[in-house]
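Input: a single structure, listed below in structure tokens.
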Amino acid sequence: MVKNTDIKEELRPLNNLFNTFKYEFDISILFDDFLTIVVCCMAKGTKEGLYLSTIKKYSRTQLDTFSKMFVELVKIYAKNLTFEEWCDPLGEYYEALASKHKKSGFGQFFTPKGLCDLMASLTIDKSKKNLKIYEPCSGSGRNILAADKVVSGNYYVCEDIDPICCKMTAINLCFHNIRGEIHCRDVIAYSAPRFSLAVNYNYIDSKINSIFYYSSNN
């Protein structure tokens, strides 16, 4: 379990809900399932099969808890975007879980926000817009969020070998109104994607946030 004193205040309601599952489920699987549920909810009814197969091991009460977690996540995004700040609540919580559950399926820590902002300010050309930018190891998508803060409107092609990272990237891009695609694969081996996600593909016209699977083994 993650103590509230170890995380930012805005993450504590989410943490309190997550901790109600206690040790009934593997922590990494539980977190991954939550991400899958969020992605399915943003898929506009196109991934009902994946959604149902993901939730079948949980009770009605536990599914209600997932719903409340989703609400808390949306609140965090809304609060930060109101003040025009990018945020990575999923990546931050992932790191907190990883620090407390070293023997779980977690194994990554991400670039600090300040360093992401610095790199974006040094590398993003403010005079160029509507570019397609490649991110070969997206993590939770922090570098993309920082880059979009410097120049918005670019399209991002993201890849990562870790399914959890790909889902976090997709959700972060989705709620920050950023368009892009995410491919879960080994970039070095150039393997075929386990799945691919399209994020906000028609956001310019519809202003509707969405995440769609357009290639998947699920």
Cβ pairs under 8 Å, 6+ apart, first in the range 143-169 and in contact (Cβ under 8 Å) with a residue 40 or more places away in the chain, second open to solvent by 30 Å² or more (accessible area, probe 1.4 Å) and assigned to a helix (DSSP H, G or I): Ala146/Lys113; Ala146/Asp117; Ala146/Met119; Lys149/Asp117; Pro163/Asp32; Ile164/Asp32; Lys167/Asp32
Step by step: first the residues of the range 90-112, then only those that are in contact with a Gly (Cβ under 8 Å, 6 or more places away or on another chain) and farther than 21 Å from Arg12 by Cα, then the one that is modelled with the highest pLDDT. Which residue is that? Thr111
So Glu84 fits all but one of (1) among the acidic types (Asp, Glu); (2) farther than 19 Å from Lys22 by Cα; (3) modelled with pLDDT of 95 or more; what number is the exception? (3)
Taking first residues from the range 80-100 that are under 16 Å from Phe34 (Cα atoms) and second residues anywhere that are among the hydroxyl-bearing types (Ser, Thr, Tyr) and crowded, with 19+ Cβ neighbours inside 10 Å, the pairs with Cβ under 7 Å that are 6 or more apart or on different chains are Asp88/Ser140; Leu90/Ser140; Gly91/Ser140; Tyr94/Ser140
For Pro112, the lone unmet condition from (1) free of Cβ contacts under 8 Å to residues at least 24 places away in the same chain; (2) surrounded by 12 or more Cβ atoms within 10 Å (Cβ to Cβ) is (2)
Hey, can you tell me all the residues within the range 149-206 that are among the aliphatic types (A, V, I, L, M), open to solvent by less than 20 Å² (accessible area, probe 1.4 Å) and either farther than 23 Å from Leu122 by Cβ or in a helix (DSSP H, G or I) (or both)? Ile164, Met168, Ala170, Ile171, Leu173, Ile182, Leu197, Ala198, Val199
Unmet requirement for Tyr213, which otherwise passes all of (1) at pLDDT 90 or above; (2) farther than 23 Å from Thr111 by Cα; (3) assigned to a loop (DSSP other than H, G, I, E, B); (4) not aliphatic (A, V, I, L, M): (3)
Out of Thr61, Thr54, I need the residue that is open to solvent by less than 50 Å² (accessible area, probe 1.4 Å) and over 30 Å from Ala147 (Cα atoms). Which one? Thr54
Scan the range 120-148 for residues that are assigned to a helix (DSSP H, G or I) and either surrounded by 15 or more Cβ atoms within 10 Å (Cβ to Cβ) or within 14 Å of the chain's Cα centre (by Cα) (or both) and jot them down. Ala120, Arg142, Asn143, Ile144, Leu145, Ala146, Ala147, Asp148
Give the residues of the range 3-20 that are surrounded by 17 or more Cβ atoms within 10 Å (Cβ to Cβ) and either of a type in the set (A, V, I, L, M, F, W, C) or assigned to a loop (DSSP other than H, G, I, E, B) (or both), sorted by residue number. Ile7, Leu11, Leu14, Leu17, Phe18
Every residue from the range 127-168 that is among the polar types (S, T, N, Q) and touching a Gly at 6+ places or on another chain (Cβ under 8 Å): Asn130, Ser140
Search result, residues across the range 1-14 that are modelled with pLDDT of 95 or more and over 21 Å from Trp86 (Cβ atoms): none
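The values are calculated or read from the model by the stated rules, or taken from the named source; none is laboratory data. Since the model is a prediction, treat every value here as computed from it, not as a measurement. Reconstructed Cβ throughout: ideal geometry from the backbone, glycine too, with neighbour counts over all protein chains shown. Side chains are part of the model used for accessible areas, which takes the heavy atoms of the whole protein and leaves out ligands, DNA and RNA. Shrake-Rupley method; radii C 1.70, N 1.55, O 1.52, S 1.80 Å.
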